[in-house]
Structures are given as structure tokens and as C-alpha cells.
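Notes follow the structure.
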Amino acid sequence: MSMTQSHPFMDQCRRSLEDIRGQGRYRTFTPLARQAAQFPLYHWELDGRQREVLVWSSNDYMAMGCSDIVIEAACAAARTHGAGAGGTRNISGSSPLHDALEAELAALHGKQAALLFNSGFVSNQAALSAILGSLPNWIVFSDAKNHASMIAGIKGARGVTCHVFRHNDMAHLEELLAAAPPHAPKLIAFESVYSMDADIAPLDRLCDLAEAYGAMTYLDEVHAVGMYGAHGGGVSEAMGVAHRIDVIEGTLAKAYGTHGGYITGDAALVDFVRSTAPGFIFSTALPPMVVGAALASVRHLKHDQARRDALFERAGTLKAKLDAAGLPRLASSSHIVPLHIGEAALCRAVSDRLLHEFGMYATPINYPTVPRGGERLRFTPTPLHTDAMMDQLVAALRQVVPARRGAAAAA
């Protein structure tokens, strides 16, 4: 037996995994091969046979990842610039594609500058840690349902005091702001669309409080960019408050169908993050083919209102069909459609039955992503999910979801 196998750490790993399995929270990967020409249909190989699977939980919200516009842009960039970036932008130089995409993203949000990162997680973690490392005694006010990447960024900065306010509760946030030292540097961190609860933050009221108490604002728009607003600038564009927000962070990996994260803001702020954030400085730059694809996607979605309209029509149609069937849909003011299950093991079992019996895939969302008792399936209909597909889903759900009291505060 090797030293690693006998080490106490390995024993603890095994005990922890057994505990996770016992709670029904063990995560498995389902081997699905996306078919660009058939999206949202994927291929699943089981017991030597290939089955067709209808996927309901992709974050490629606008189906841009399978768009000819984006695929051809990726191919063209790869042929011209190669497959990889060859190093960090400090070491290997900054590609004109990276510069063009940052300019496009800054313009999208009405900001002076933008900075690309290798993922949305890294952009939040790196940017927040850098900003909060700039001055002593920062006080952060963080929404209770902020993403793990934002929490990691806040925790990664030394000497920061963090107050967590109840989700979207402006009265609680104001209580915390009013109790804080008036001259201490303050930052309010929040999202626009919360992907697990499918609700939307009151950005105008958050901006009002930030201005009243002299706080910076940091907004995560990853589940909104490309979809909300006249040009896909997110909820901040739709509500007309983007100019009131100091940092707007987003992703290229959801509505834009590619990969990467970014921040936008004042030129000096973005330059400071570029110059001090290890997550940017020491990471190989995004591959040119990815950047070329993202650039094409951002430019296209700025003007494709029909696709945005189709997304929200599809989401509304699925909500109506679930409600008509008496299924326990959770309230949703966004394009995301959650269905309450309530137990981790049951949530996994429902997801497994959908896949094995009906050829449909919906990810089970369990603790710690959501609170215990809040386990759910999360559906994300795209413009390419048809009425027939939705009818098939509803019929399957009526067979696999246990009878409940009815829709849970559906809206």
C-alpha cells in the first residue's frame, strides 16, 4: 500500500464521500455528446448503444454555441491565429482579438474599459480580491445568495469585514449600511438574475442605497448578459442603471455560447485589476478561437432582438404548461424555470428516471447549491425547444414527480 493510500487524509476522503452518498448528494457526470446541428438533442452512449437525449439544463441559453455564426468565427480565428494563446498576455503579447472583444464588452455596458478572464468564476474571484486588497478596512455587503465565486473573492482579501444581507432585502441592507462606520470604504456585491431561484434583484434600489451611503457597487450579470436589455447588456441595461454601477461582471459561457469571463468599469479600476490580480497575471490567455467566437456572438446578439424575444416566449410557455399540469414550479421572474422536489435523494431519482425512461436530461440541484429542502430541477428552455418537446417533458414529469400540494408560489 502506498503512503497516499494509508494517509489519514485518504481515510477522511472516503468517509466524506460515503457521507455525501448517504445524503443523496453525490455528483456524477452524465456522458453526453452535444450535437451542434441537432441542439438541444445530445447523444448518450449506454451499454454500447447510442441514445438521443433532449437536454433541458444547458446554460447555452440562446443556443449561440451551436450557431453557424459562432462556429465559423471560431474556425476562422483558429486558422489565422492557432489553437492556443501561447501564454499570458504579458508574456506572449495581447492578440488584436482580445483587444477587440474587451472594447466590445466595455461598449456593451457603457463603461470605459473591460478585462477578460478565463472564466466567470475567475473574474469574480480575482477582481473582488484585487479591489478589496486596495485599501485597509473594507466593509462588504454581500447578498445571501451570491455565487460561490463572489464569496471566494471576498474571502480572498485580507482584513475585510463582510456583512451578509438577506436575499434581495433592501430594508436589511440599509440597516447594515446605516450601522457601518460612515467613512470606511464600502462595497455592495450582488447579482442581477439569481440562477437557482430565478429571481431578479432590484438594481435601482441597490444603486439608491449605494449612493446614499457612499458604497461601491459590484454586479454579477452572468445569467443576464446577451438576454436582457435592448442590446444584451443585462438587467442593468434593461433597468437603465448601468451607468450607476461601478463594476459589471459577466460571462461569455452562457448566453454567448463560448467561454470566459470579464469585468467592465472605469479605466483606472480595470487597469488596477489588470496590474494586481494574480488570477489574470498568471493565467494563460483565452485561446484566440474562443475569443473570435465570443466576439462574433456578442456583436450578433447586440442586434438579434428576435432571438431574445423567442427565449422569453419559450420560458413563458414552459411555465404555463407546468402550471396547467399542476406541477410544483417555483416562482420565476426570469428565463429560468425551477421545479421544486424537496429531497436530495428524490431529486436525483427523478433526474435519473427522466434520463433512463424518457431520454431527457435535467440536472438535479441539491445542497449546498440550494438549502436543504429546496432541492429542485432547473429547466432552461432555449429558442430551439419546441412546444412538442415541452409537452413530452410535462408528460414525463407527471409520471416521475410525486404528487404535491401544487405549484409553490408560481409566478
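For Leu322, the conditions (1) in contact with a strand residue (DSSP E or B) (Cβ under 9 Å, 6 or more places away or on another chain); (2) closer than 30 Å to Ala77 by Cβ are fulfilled apart from (2).
If you take the residues of segment 72-98 that are surrounded by fewer than 16 Cβ atoms within 10 Å (Cβ to Cβ) and among the hydroxyl-bearing types (Ser, Thr, Tyr), which of them is farthest from Ser275 (Cα to Cα)? Applying the filter and picking the extreme gives Thr80. Note on segment 172-187: residues that are out of contact with any Ser or Thr (no Cβ under 9 Å at 6 or more places or on another chain) and among the small types (Gly, Ala, Ser) amount to 2. Annotation: Leu203 fulfils all but one of (1) touching a residue at least 24 places away in the same chain (Cβ under 8 Å); (2) in contact with an Asp or Glu (Cβ under 8 Å, 6 or more places away or on another chain); the unmet one is (2). Residues in segment 271-290 that are more than 19 Å from the chain's Cα centre (by Cα), among the β-branched types (Val, Ile, Thr) and crowded, with 18+ Cβ neighbours inside 10 Å: Val273 only. Can you name the residue in segment 12-36 that is closer than 21 Å to Val370 by Cβ and charged (D, E, K, R) and is also surrounded by the most Cβ atoms within 10 Å (Cβ to Cβ) among such residues? So, considering only residues that are closer than 21 Å to Val370 by Cβ and charged (D, E, K, R), the one surrounded by the most Cβ atoms within 10 Å (Cβ to Cβ) is Arg25. From the list Ala242, Ala293, the one residue that fits, being farther than 24 Å from Ser195 by Cα and open to solvent by less than 40 Å² (accessible area, probe 1.4 Å), is Ala293.
Residues that are open to solvent by 70 Å² or more (accessible area, probe 1.4 Å) and at pLDDT 95 or above within segment 158-180 comprise Val164, Arg166, Glu174, Glu175, Ala179, listed in sequence order.
Among the numbered conditions (1) under 25 Å from Ala152 (Cα atoms); (2) in a helix (DSSP H, G or I), the only one that Phe190 does not meet is (2). From the set of residues in segment 101-118 that are open to solvent by 30 Å² or more (accessible area, probe 1.4 Å) and touching a residue at least 12 places away in the same chain (Cβ under 8 Å), which is nearest to Pro383 (Cα to Cα)? Looking at residues that are open to solvent by 30 Å² or more (accessible area, probe 1.4 Å) and touching a residue at least 12 places away in the same chain (Cβ under 8 Å), I get Glu104. Here is a check on your reading of the model: is Val235 open to solvent by less than 10 Å² (accessible area, probe 1.4 Å) and β-branched (Val, Ile, Thr)? In short, yes. With the structure loaded, tell me whether Ile69 is touching a residue at least 12 places away in the same chain (Cβ under 8 Å), of a type in the set (Val, Ile, Thr) and surrounded by fewer than 17 Cβ atoms within 10 Å (Cβ to Cβ) or whether it fails that test. When the stated conditions are applied, Ile69 passes them.
The values are calculated or read from the model by the stated rules, or taken from the named source; none is laboratory data. Treat the numbers as computed from the prediction; the structure is a model and nothing was measured. Ideal geometry is used to build each Cβ from the backbone, glycine not excepted, and the neighbour counts take in all protein chains shown. With ligands, DNA and RNA removed, areas are computed over all heavy atoms of the protein, side chains included. Shrake-Rupley method; radii C 1.70, N 1.55, O 1.52, S 1.80 Å.
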